[in-house]
Structures are given as C-alpha cells and as structure tokens.
Amino acid sequence: QQIQEDLNKQLLDNLVSFLSRSHSEFQEKMTEWTCRMKFREIPTAALVLGVNVTDHDLTFRGLSDVLQDNITPYIALLEAKDCPGIKNLMQKLMGQLMNCDIDVDSLEEEDCVQVSQNRIRCSMSSLISWYESVTKKTDSETVGKKRNSSSRHWQSPPVVVIFKDMESFTTKVLQDFIVISSQHIHELPLVLIFGIATSPMIIHRLLPHSVSSLLCIELFQSLSCKEHLSTITDKLLLTSRFPFKLGGKVLQVLINIFLYHDFSVQNFIKGFQLCIVEHFYSQPLSVLCCPLVDVKKRVYSLSQDQCENIRRLPSFRRYVEKQESGKQIELLTNDSFLKEETEKLLEDLHVYHENYVSILRCLHVFTSSLPKYPLGKQIRELHCACLENRVWETEEYESSLQLARMLNKTDLVTMLQQCVEILMSSSGKAFDKTVEKLKEFLTQFQNLEAEASQERDVSVSSQKELQKKTDLYHLQKTLLELKESRRSKKLTKFEMLRFEVVDYIDSLVRKYLVPADDRTLHEIVYFNAATVLRGHLNAAPRTALHTALNNPHWYLKNRALKCDGGGISNKAPDICIVYKLHLECGRLINLVDWLEAFSTVVMAAEEPNADAASSDQVDDIIHARFIRAVSELELLGFIKPSKQKTDHVARLTWGGC
C-alpha cells in the first residue's frame, strides 16, 4: 500500500494543483471568475487510469482522502450501477454530500432526501441552498477566530463529483447532469472528475459537442499497471528485507495471470498473500522463514519432530550425501549438531539472496540495453529465468553475450558505472574485489582514448600516402596489401578489453546466479507449489461442479456419503443422485425411467410400507424431490427440455472432467 501511495503521489499532487487553479478565482471572488463562468464551463479532470479496473478503487480512495485533508469536505463518488437515471444520480449525490443514507426504492414517488427530520427536494437549487447554508455557517463559526492548523479547508470549498467508471454511465444521464450543472456553476463551485479506463476520446463519444463544450477539460494520466507491477516486484521480491521468496514457476503463474487476464496489481498482491498463507500453513519448517537476526533463536528452539522434518528435506538429503561419513552420522543422529549446521546453512542462504539480487541487477543493466531483449526487458523476466534453471545454459543467454560483445565503448562504460553503483550500495561484503575490478576496467577504457587518437592520426597519414600514388599498378598493390592485413588483423585493444569485460560479467553470473533449487534448505523460504496456486487462482467451475455432484463427500466430509466402486448412496443430496443417474443415460433421457431409478435409490434402505395411503404420500414426496432436483440440474445447464419428445429431456454435457 505504501508503494502504491508513493507511485500515485505525483498524480494526486497534480489533481490538487488543478483544483487550486480551478477555484482560486471563486474563492477570492475575483471578476475573472464571473467573466469565465459566462461561458458556463465546468472545470473537469479526465483521469485515465487504465483497464485494470480493480485497482481504481484504491486510487479513488487515496484521491478522496487527499482532497478531504487539504481542499474540501464535499466529495461524492458515483458509480454507474447506482445512477441509472438523473433522479438516482441527484439522490446519490446529495446523500453523500449531506452524509446520509438514501433508500432509492422508498423515494420512487417523492424525489427528495430526508436529512435530520427535514425533507429536501433532490434538485440543483436545493443543493445550492444547502451549500450556501453550510458555507455561511462555517464562515460564521470562524469569525473572530484565527484559522488554526485544523481548519484545513478553503472558505468556499469546491464540490467535487467523481464519476468512477465514466464509460458505464448512460449518455443521457451525463448530458442532463452536465447541462443542469453548467446553468448553476456561478452559484456552486463544482468540479467533475471522470475516471476513464480506456481512452480520453470516450468523452467525445458519449457527449455531443454542445455538451462537451460546457466542460473545461484537463487530462491526467496515471502510471501504467506494468510500471506499478515492476516497482512492486522490485521492492517486494528483489530485496533481502523479506525472507519469504517465490519460486520461479509460482512467480510465472502470477505474472501470466496479470499479463493475460486482468492487469490488476491488487490481484497480483492477493496472489502473493495467498502464497504466503499457503507456505506458512503447509510447510512445518516455515517457522525458520524469518529475518537473519531471529534465525539463531528459532533454530535452537526446534523440537525433535522439526529436526526430523529438516532431515527429510530433499535439498538437505543431497547436502548430507556430499559430506564425509563421520559428518553424515552426526547430521542424522545428533540434534545439537544438526541445529548448528542448520544455522550456518540459513545464514549462507541469506548471503546468497543478497549477492543474487545485486548481480541480477548488474546483469539486467546489460541485457535491458540489448536489441530484441533476448532475456526480456523487465527485471522480473530475468529473475524468472534465473530461478527456473541455470541461465547461462540457455540459448537466450548465449545470444545476449554475443550481442554484448558488439557494444560500443560509450554503452559499456555507462553500464560498468551503473554496476559499480549497484555493488557499492549492496549490503554484502563479497563485492569489494568485484568493484575494484570494474573500476580497473573503467580506467583501462579511459586510457584507450589517448591511444585511439594516435591511431586515428596514423590512419589519416596512410590515407594521404595512398592518395599520392596515382600509378594504377602501385595503387592495386597497396590495396591488396591492405586487404591481406585486414584479414590477418588481430583484435584491437578495445575489442580485447570488451571481451574481457563480458567474460568477467559472465563469471559473476555463473558464480552468484545459481538457481535457488540448488541451495540447501531452500524449501524453508521458497514457495514452489505452482500447481496448488494455479488451482486456487485459475477457476475450473465445471470440474468443481462435477466433483461436488459426483462425489459430495469431497466437500461435505460426511462418511455416510462416501461410496466406493461408483455406487450411489441414498443418503446423498437429491441433485447428486439425479446427476449420477443422468451420467448413465444417452442423448435423450426418459423422465419416467429417470424417476423410477431415482425412487429405487432413495427407497433402497427403507422398509416397504403396507399402508396404501402413506405409500401414496411417500410417492408424492419422492416425486416432488425429483422434480426439484431436475429443475436444479436444468438451472446448472446439464439438461434442457426436448422438442422431439415431451416426456424426455436432452443431455447437454459429455466427457469426463
């Protein structure tokens, strides 16, 4: 939330500045306001927020808080679903401004709002009267008193109306409201804010020129959702502050949902929170997923069962297999020795994370400037590639190295300077020698400049000599010699130095960007259950419905409903019995046969009753239960009435789930 508030700060500051400019004249009672308002223009902010509609609420909430703290207490947030007509819009507007709840259904006959036992008619004149009374009351309270820090609002604060989803409002509602408001703008300092998800052109598509000309529109553009995601990924995932980490496949699932479904940063955060909950719920050793300062205390408080859980971890087993026999016995039998070793391994894991992030940023400096972006333009793409496998073994990495070996000197020097800044700002102490080496490369590049100027002088003199030789024979001979010398030409000092720089960066990548799966005890801090996460986030309604109807025990956890061998329990809900029976039928289902089968299953455990009257009553109850179950099945879309035969229904679903 703090990150998103920081990202929206510039946008909110611009909007506050817009409001200040729009109504400073009204506040100071200047003549320019009267001249301007003869044109009946309403100050309007067109706020383009993007298609990630689920994130808009957070932006509007922040905007409302900022305006209430600094500008005006009179803010109304309107949604299209609450305003099907101008009457509903005015009711909602006045209700929010007057801090009262309105029951729209109860106001069908009388178009008015009840406020403090007084019924006020929902009209623009009523709104103006209310505004004048409120502002006069506020002014009278502040007469003779110094304006202290608590009186944050203006003396004549504007009335801000925010249309959260402008595209969803009907054209007539917007037109009527704008036309009515423009006629009273000299009495009521009104400001409109349009929340736009698509394009500013929607204003001119919804409103004719005669109406849009009544608006003085200024455009505001929020940061794109991809920039939001990049910042959040950078601040939350690529940091050593937080011990919890996402595995490569899990992170890819969240990013794919973001890119291909909704562009919602809020949903990405919810998925991240779900990963945290799932990890700490399913991993018994997640108690060790803590900051470095708490590792020692938590390790030495482990129980014997938790020590056994450590020994069962696949990464720890691989670690034990690489040790000598004496140490293997100690690790598998001595809990105290195991705790000491666990503490060291977790500390190594924290150091690995610090070094990993720094080198990843350095590698991104190189790869993000290459053409075609073989390893991706965003650092999150590079992060996923490094988490999933050894990145230096991929074709994309090889092509990146080849492109890096063709960079010019200016780009190389700039990249090395950025890498030096990144490594110097790192908290890890392992990069002192690395920084010295990179600075040495920068010094060598600077020394090359003097040598390059001398080589240019030599080449110019050789070209002048070539121009002096006018004889064709000598000219051809000289050109052939130049051609041969170029073929056998060795690499220049710059090219050799460029190769050396790229090879050194490659060595850092191979040393520090080892996949997390190769680190011992990575299961404690990394969440890798991508299948579980996908099951939570990627809805499969048909599969869930089939499981619920075919095997109700899966959800209800009632042992009486558990059936083996594909049988049908008479204790199952009626819709489950009807559903399992319909799976045995073909395209058309005879309702009479279906009812008889249902009755047979339901009456299977009951004793036959000799009383004819009670038997008929039971049949009627079973018949009613069957009709209700079939109706529910039709509502769910499994069957439909058949036009071929009136006593049959058609089956609509086929195949297994």
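Numbers below:
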{"item": "Additional length obtainable on full extension of the chain from Glu324 to Asp57, 0.36 nm per residue less Cα span", "result": "90.2 nm"}
{"item": "Segment 521-531 - phi-based ³J(HN,Hα) in whole Hz, Karplus 6.51/-1.76/1.60, Gly and Pro as x", "result": "6, 5, 4, 6, 10, 9, 9, 10, 7, 5, 5"}
{"item": "Pairs beyond 21 Å (Cα-Cα), from Lys87/Lys164; Lys270/Lys297; Lys409/Lys437; Lys226/Lys372; Lys136/Lys164; Lys81/Lys172", "result": "Lys270/Lys297; Lys136/Lys164"}
{"item": "Kirkwood Rh and Cα Rg combined as Rg/Rh, segment 157-233", "result": "1.05"}
{"item": "Under 5 Å, built H, 5+ apart or other chain: amide partners of Leu190", "result": "Val159"}
{"item": "Radius 13 Å from Cβ of Glu388, net charge of other residues (Lys, Arg +1; Asp, Glu -1)", "result": "-2"}
{"item": "Solvent-accessible area of His228 with every protein chain in place, 1.4 Å probe, in Å² to the nearest 10", "result": "20"}
{"item": "Diffusion coefficient, µm² s⁻¹, Stokes-Einstein with Kirkwood Rh over alpha-carbon pairs of segment 274-352 at 25 °C and 0.890 mPa s", "result": "185"}
{"item": "Ranked order, His546, His204 - accessible area, probe 1.4 Å, largest first", "result": "His204, His546"}
{"item": "Ser181 accessible area, assembled protein chains, probe 1.4 Å, Å²", "result": "0"}
{"item": "Rough spin-label spacing in nm, given labels placed 7 Å along Cα→Cβ, for Gln68 and Gln402", "result": "6.0"}
{"item": "Asp82/Lys296 FRET efficiency (R0 56 Å; Cβ-Cβ; nearest 0.05)", "result": "0.50"}
{"item": "Neighbour-limited loop hits for GluC sites (Glu not before Pro), segment 301-384 (at most 15 other Cβ within 10 Å; DSSP other than H, G, I, E, B)", "result": "Glu324"}
{"item": "Karplus-derived 3J(HN,Hα), 6.51/-1.76/1.60, for each residue of segment 501-510, Hz, glycine and proline x", "result": "4, 5, 5, 5, 4, 4, 5, 5, 4, 5"}
{"item": "Segment 337-435 shape via C-alpha gyration tensor axes, a/c threshold 1.5", "result": "oblate"}
{"item": "Segment 501-578 versus segment 307-382: alpha-carbon centroid distance in Å", "result": "25"}
{"item": "Accessible-area ranking of Lys245, Lys235, largest first, probe 1.4 Å", "result": "Lys235, Lys245"}
{"item": "Karplus-derived 3J(HN,Hα), 6.51/-1.76/1.60, for each residue of segment 293-301, Hz, glycine and proline x", "result": "5, 9, 4, 4, 4, 6, 5, 7, 9"}
{"item": "Two-site label geometry, Val277 and Val179: point separation in nm, points 7 Å out along Cα→Cβ", "result": "5.0"}
{"item": "Cys216 long-range amide H proximity, modeled H, under 5 Å", "result": "Ile42, Thr44"}
{"item": "Separation in nanometres of the label points that stand 7 Å from Cα toward Cβ, at Thr198 and Thr171", "result": "1.3"}
{"item": "Potential lengthening between Leu332 and Thr653 on full extension [0.36 nm per residue; Cα-Cα distance subtracted]", "result": "110.1 nm"}
{"item": "Potential extension, Thr410-Met496 segment - 0.36 nm per residue separation minus Cα distance", "result": "29.4 nm"}
{"item": "Euclidean distance of C-alpha centroids, segment 44-59 and segment 243-258, integer Å", "result": "26"}
{"item": "Listed residues Tyr300, Tyr260, Tyr352, Tyr504 arranged by accessible area, highest first, probe 1.4 Å", "result": "Tyr260, Tyr300, Tyr504, Tyr352"}
{"item": "Solvent-accessible surface (1.4 angstrom probe) belonging to Trp130, in square angstrom, nearest 10", "result": "40"}
{"item": "Neighbourhood net charge (15 Å Cβ-Cβ; Lys/Arg +1, Asp/Glu -1) for Glu278", "result": "+3"}
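The values are calculated or read from the model by the stated rules, or taken from the named source; none is laboratory data. All figures in this text were calculated on a predicted structure; none of them were measured in a lab. FYI the Cβ positions are ideal-geometry reconstructions off the backbone, even for glycines, and counts take in every protein chain you see. Only protein heavy atoms, including side chains, enter the accessible area calculation; ligands, DNA and RNA are left aside. Shrake-Rupley method; radii C 1.70, N 1.55, O 1.52, S 1.80 Å.
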